1. So residue A:143 fits all but one of (1) hydroxyl-bearing (Ser, Thr, Tyr); (2) part of a strand (DSSP E or B); (3) under 18 Å from the mean Cα position of the chain (by Cα); what number is the exception?
2. Take residue A:4 and decide whether it is within 14 Å of another protein chain (Cβ to nearest Cβ) and surrounded by fewer than 18 Cβ atoms within 10 Å (Cβ to Cβ).
3. What number of residues in region A:21-43 are open to solvent by 60 Å² or more (accessible area, probe 1.4 Å) and either over 24 Å from the mean Cα position of the chain (by Cα) or within 14 Å of chain B (Cβ to nearest Cβ) (or both)?
4. Please give the helices (runs of 4 or more DSSP H) falling wholly within region B:1-77 in which 3 or more residues are at the interface with another protein chain (Cβ under 9 Å from one of its Cβ atoms) and at pLDDT 95 or above.
5. Quickly run through region A:163-189 and pick out the residues that are β-branched (Val, Ile, Thr) and touching a Phe, Trp or Tyr at 6+ places or on another chain (Cβ under 8 Å).
Amino acid sequence: MNTALSRLNAVFAFSLSVLASLTFLCFLSTAFVDKTSSPSISVHPEVILRGAHDFGLDLKDLATLKFDLGANLSSLFDWNTKQLFVLVTAHYRTRNNVRVTVVDVLPVTHPLPQPRNQVVLWDRIIRRGDSAILDLRSAATKYNFFDDGRGLKGNQNMTLQVSWNVVPIAGRLPLIWSSQYSLPFPNSY
Amino acid sequence: MGNFVSGTPLISYIANKFPSMDYEGQRLAEKCYQWIIVLFGVVGFIWGYFCQQYIQTVYVLGAGVLLATLLVIPPWPMFRRHPLQWQNSRKGRQGRQDKAKTS
């Protein structure tokens, strides 16, 4: 504290400690806030299936679909929210891929289908200040919906789910799943 | 009275040009910056919660840090009110004899 440099050092270190404490308090103030919401999703009836090549010799199932998505996620923005990452995911079971995960062993407390394939069809980042109201009509999927075999044709346990990461300034990064939308797939290409 | 700062020649040259705080001044300076930064932090926290924007908290805290820096870093006269009372230097033969005895 006897020289200007040592005082500068002390002020800087002290202010960083205060900033860290405030950030922790900010995390505490939002740690128990409910991050759920209830978006609605529906798919137009015409799901188009075809076989396509995906880096290989075999034909793989490729689905094309259009969906509506309505959601008001404004309530998820509080002072500890940096951005939201919203995904639309398809979950389905095939004979090839029965995956046993921790989720299947432990008692399930959230609405995830159990043994599953998960394919992300669409996503969007909603930053702080952007409109958090999603109103998609007949939106095409952002990513190709490929199966790793012929598992899509006639698949009856297909479900779509909306989920979102609430990206905080400080704290946990929760991934929250909405309810499922059931979507039986057609039996023909 | 300058104080000795070692290190990079340019920095130590500049630093040694400034007078230093006395002990009481250092105590006062430390209390000053701690109170200012904590006060601005608390006010900024409340303001940021009110606005629901954490960046506002950071801005208010930043203003407090700036104020504390301006107030505390330069050795203002208010931090130099209690200079150390040094013993007068001894001159002449008497001083040299004392030195010889003690050493």
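The values are calculated or read from the model by the stated rules, or taken from the named source; none is laboratory data. The structure presented is a predicted model; accordingly, all values stated were derived computationally and were not measured. We place every Cβ from the backbone using ideal geometry, glycine too, and count neighbours over all the protein chains shown. Remember, those area values only see protein heavy atoms, side chains included, never the ligands or the DNA or RNA. Shrake-Rupley method; radii C 1.70, N 1.55, O 1.52, S 1.80 Å.
1. Answer for residue A:143: the failing condition is (2).
2. No: the conditions fail for residue A:4.
3. Selection size over region A:21-43: 5.
4. Passing ranges, in order: B:23-51, B:54-72.
5. Answer for region A:163-189, where residues must be β-branched (Val, Ile, Thr) and touching a Phe, Trp or Tyr at 6+ places or on another chain (Cβ under 8 Å): A:167, A:169, A:176.
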